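Only one structure is covered here, and it is reproduced in the block below.
Only the coordinates and a few stated rules stand behind these numbers; no lab work does. All values derive from a computational prediction rather than experimental measurement. Here the Cβ positions follow ideal geometry from the backbone for every residue, glycine too, while neighbour counts run over all protein chains shown.
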Amino acid sequence: MVSLAPPDVLRRARGPNLAVAIMVLVATLVVLPAVPVSAATAYDEAIDLTFPIAGTYRYMDDYHHWRGGGTRRHRATDIMVDYGEPVYAAMGGKVDFITGIETAPPSWGYAIYVAGDDGRRYVYIHLGRQDGPASEAYAPGIGLGTRVERGQHIGFAGHSGNASASAPHLHLEIHDPRVTDPYGTNRMNPYASLRAAEQRGDFPGVQAESEPEPKCHAFAGDWDGSGRDGQGWWCDGAIRLRTASGAELRYHYGRRGDVPVVADWNADGRDTVSIVRRGSWHIREQPGGGAADRTFTYGRVQDGDVPITGAWNGDGKDAVGIIRDGEWHLRPDQSGGNGTTVFTFGRISAGDRALIGDWNADGADTVGIVRGREWHLRHSLSGGPGDTVYIYGRVLQGDTPVMGDWTGDGIATPGIVRDADWHLRHEHGGGPADEVVRFARP
């Protein structure tokens, strides 16, 4: 079953020229035709692989540690094991490079390079011992051009090459031409992927638990700067967007556990998707994966804070905020610090869904909540009863509320997402949908 934006914050639309709509727990994304349909995974993101060791081991996140006396970063994960511990293929593929078969192993020792079925390259280094035979490093039948299957025995851990003075371990690298790490190389940090494999029990010879259903957030945003909002999904980092004219964009940004937010960060009239990871906001000003354009810390999402964005002062540029149960803490800019506007409205912990939007086309966003079937909208950034109240949808039965400027008139109006169908109203109030758009999650 798909989980749709728990205490979601539904995002808004702004003035006529700066439509910005959206939802709660928002994920913001921008659809630009020039962006490829598929984008890269973040360098530190978890990918699907089998843990390459079946016996006793220990490891840590040492990707950023210094090596070579402080001359280079590690850019790999070392899995400490006993000498001779069998090593298994994390991903199926073809051995496209192997050392020490016909000549002595190089300075980095016995190593197997596998061109993976997923387009990445998996590198297993320091196998065997430098002065030992290849049979102590490689499993029988492993050689250049060998096809290996995921979970297949391919070698034996050791300390060959420049690890000769170290304890035995497997040095695991993952190369991905679609990824750029903080050091400008096309490598992924294996740590998150190894942890994920552990958590689902994906070890050689063990039937892994099935992947849990992704947590999905539905939201709206002006992805192309047209002034009208389209639809969007974020499911554990997988993003699918549809503009109001029907153009689609898919890419990947973030990972399981992140909270997506939608915003127009630079007042160009286009919404983009960023993520909040614990208390750290990772801002993307253009659509697509890769590293954040900038980061800052605000709130404690890990403790239940709900991150939100909105053009609080009507200048077309979104700022940030958090909801801490019923307290709304709004910042005037895109940075950390204390909330400069604080008020109480709704009870998020009791199941209220937060709404953000420009309800009257004045260019400034205000707040609202959905409580059961009732939509309560405030016309100012303050607490009190809803200034506009109506009933729409069956939120208690699983409908997900969203807000968007569906017509381009600068006013954010309601919508509900029922499975893959988006039921959109063109004015505030209950009644049948004025428009139904079918747009399924990724």
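For residue 436 and residue 362, a Förster radius of 30 Å and the Cβ-Cβ distance give a FRET efficiency of 0.55, rounded to the nearest 0.05.
Dividing the helix sum by the residues of the chain, where each DSSP H run of 4 or more adds -39500 (n - 2.57), gives a mean residue ellipticity at 222 nm of -500 deg cm²/dmol. Shown in residue order for the range 61-72 are the 3J(HN,Hα) couplings computed by the Karplus curve 6.51 cos²θ - 1.76 cosθ + 1.60 at θ = phi - 60°: 7, 10, 4, 9, 5, 6, 9, x, x, x, 9, 7 Hz (x for Gly and Pro).
Annotation: amide H-H contacts under 5 Å for residue 366 (H modelled 1.01 Å from N, sequence separation of 5 or more, or interchain): 357, 358, 359. Shown here: P(r) over Cα pairs in 10 Å bins from 0, in percent, derived from the displayed model; of the candidates [x] 4, 15, 19, 19, 14, 10, 7, 5, 4, 2, 1, 0; [y] 4, 17, 28, 29, 17, 5, 1, 0; [z] 5, 21, 26, 18, 14, 10, 5, 1, 0, it corresponds to [z].
The distance between label points at residue 268 and residue 245 comes to 1.7 nm (points 7 Å beyond Cα on the Cα→Cβ vector).
Stretched out fully, how many nm does the piece from residue 94 to residue 115 gain, at 0.36 nm a residue minus the Cα gap?
7.0 nm is the gain from fully extending residue 94 to residue 115.
Counted residue by residue at 0.36 nm each, then reduced by the alpha carbon distance between them, the extension gain from residue 397 to residue 420 reaches 6.8 nm. Within the shell of other residues whose beta carbon sits under 9 angstrom from the beta carbon of residue 164, the net charge comes to 0, with Lys and Arg scored +1 and Asp and Glu -1.
Each label was represented as a point 7 Å from its Cα along the Cα-to-Cβ direction; for residue 315 and residue 380 these points are 2.2 nm apart.
If neighbour count is taken as other Cβ atoms inside 10 Å, put 409, 264, 229 in order from fewest to most.
Starting with the residue having the fewest Cβ neighbours, the order is 409, 264, 229.
Ordered by the number of other Cβ atoms lying within 10 Å of each residue's own Cβ, fewest first, 60, 80, 91, 403 fall into the sequence 60, 80, 91, 403. Summing Lys and Arg as +1 and Asp and Glu as -1 over all other residues whose Cβ lies under 10 Å from the Cβ of residue 275 gives a net charge of +2. Our note on the geometry: Cα centres of the range 234-267 and the range 60-120, 34 Å apart. Dividing the mean sequence gap of close Cα pairs (under 8 Å, 6+ apart) by how many residues the chain holds gives a relative contact order of 20 percent. Count Lys and Arg as plus one, Asp and Glu as minus one, and take only other residues whose Cβ is under 15 Å from that of residue 185; the net charge is then +4.
Calculated FRET efficiency, residue 277 to residue 350, Cβ-Cβ distance, R0 = 22 Å: about 0.25 to the nearest 0.05. Calculated FRET efficiency, residue 341 and residue 108, Cβ-Cβ r, R0 45 Å, to nearest 0.05? Computed FRET efficiency for residue 341 and residue 108: 0.20.
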